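Please read the structure below before turning to the comments.
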Amino acid sequence: MTSIRGDKLWLWRAMDANGDVLDILVQTRRNGKAAKRFFQRLTSQFGAPRVMMADKLRSYIKPIKTLVPDADHLAYKGLNNTIEGSRRPTRKRENIFGKFKSHRPAQRFLTAHDQINLIFRPRRYRLTENSYRHARADAFSLWADYIAEMTV
């Protein structure tokens, strides 16, 4: 949850098994209708998952059963620690950014930030020193190619 101009907003995140952020959505509500909207968006973009891990919010149960009936829904304390921990870079960047002023810029920033963060910050603990250097070099060359493509 975050607060923009005194209004509470919920940051919905979806991650894959590797810990990469698939999608993020900023919404004013945290109910069944909001959950259905977020899960529909995910299933249309990435397909139906085999397993879904979430916190113990009861409004997740019905949308998950209707949208992905074959998926196992795990809602135990501590299982979604990866998702909870993934917001640290977002919070850090938000504080540098100077807090969000409204809903739309927050959504735009968070969507772009998580995708770029995946490219430029490979998980150091999973890589050897040489692999990490190659991943960073690849990220910067990819970014340079992207910038060159945008300026032409």
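The values are calculated or read from the model by the stated rules, or taken from the named source; none is laboratory data. Everything numeric in this text was worked out from a predicted model, so none of it was measured. No Cβ is skipped: glycine too gets one built from the backbone with ideal geometry, and neighbour counts run over all protein chains shown. Calculation scope for accessible area: heavy atoms of the full protein, side chains included, ligands and nucleic acids excluded. Shrake-Rupley method; radii C 1.70, N 1.55, O 1.52, S 1.80 Å.
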Sort out which residues of region 129-144 are surrounded by 11 or more Cβ atoms within 10 Å (Cβ to Cβ) and of a type outside the set (Phe, Trp, Tyr), and write them in order of number. Ser131, Arg133, His134, Ala135, Arg136, Asp138, Ala139, Leu142
Residue satisfying all of: in region 54-64; touching a strand residue (DSSP E or B) at 6+ places or on another chain (Cβ under 9 Å) and assigned to a helix (DSSP H, G or I); most open to solvent (accessible area, probe 1.4 Å) among these: Ile61
Within region 6-36, work out how many residues are touching a Phe, Trp or Tyr at 6+ places or on another chain (Cβ under 9 Å) and open to solvent by 60 Å² or more (accessible area, probe 1.4 Å). 3
Matching residues in region 112-128 - criterion: being open to solvent by less than 50 Å² (accessible area, probe 1.4 Å) and assigned to a helix (DSSP H, G or I): Ala112, His113, Asp114, Asn117, Phe120
Within region 84-97, is even one residue at pLDDT 70 or above and not in a helix (DSSP H, G or I)? no
